[in-house]
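Taken together, the values in this text are just the output of simple stated rules run on the coordinates, not laboratory data. Just so we're clear, the structure is a prediction, and the values are computed from it rather than from any experiment. Please note: Cβ atoms are built from the backbone with ideal geometry, for glycine as well, and neighbour counts cover all protein chains shown.
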Amino acid sequence: MAISVGEHIPDVELRVMSGNGPRKVGSRELLGKGKVVLFAVPGAFTPTCSDYHLPGFVLRAEELKAKGVQTIACISVNDPFVMGAWGSAQHTGDDVVMVADGNGDFARAVGLETDASAGGLGTRSKRYAAILDDGVVSFLAVESDLGLQVSSAEAVLAAL
């Protein structure tokens, strides 16, 4: 069952890249303080994710922060090296935290995993966007198909 509005995010181990390599961090430590925009993509360097989803949040980071967002985080079932490289390639800088859910623990814990093995991708995260207030989901938009409609930066801005 998928997490819903009003629920706390689970506390699972994630990884982010630091100057010293991958760093372990709990999801509540990283995402549970202040107003956070969390968006999930099925995979780094994939077409829709690289051409539209992540770039939208990079381009609109200042607008999101002007609406009180303290952290913008992109999460994917990829390893921290891939997420770090993807963030560098997409010029996320300090605007978007690139979060590795390498084993899919967070995707599974929030009930938003998907089986993409038919395409050779294994278990991944569904594409979604959430607004978190001190770790509590206040907005959740999950894509029903492969496109980008309800979880775009524009949709999140409209919800703020």
Along the positive direction of the dipole of region 13-159 (beta-carbon charges: Lys, Arg +1; Asp, Glu -1; about the Cα centre), which of Leu121, Leu157, Gly34 reaches farthest?
Gly34
Taking H placed 1.01 Å from N in the peptide plane, check which residues at least 5 places from Val97 or on another chain put their amide H under 5 Å from its amide H.
Ile72, Ala73, Cys74
Indicate, rounded to the nearest 5 percent, the antiparallel portion of the DSSP beta bridges found entirely in region 1-158.
70 percent
Which whole-angstrom value gives the distance between the alpha carbon centres of region 1-61 and region 78-112?
6 Å
Descending semi-axes in whole angstrom, ellipsoid equivalent of region 13-159, from the Cα gyration tensor:
20, 18, 16
Percent RCO, i.e. relative contact order, over region 13-159, from Cα pairs under 8 Å lying at least 6 residues apart
30 percent
What's the tally of Lys pairs in the chain whose alpha-carbon atoms lie under 24 angstrom apart, where the two lysines are 8 or more places apart or on different chains?
9
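Equivalent ellipsoid semi-axes for region 36-105, as square roots of 5 times the alpha carbon gyration tensor eigenvalues: give them largest first, rounded to whole Å.
19, 13, 10
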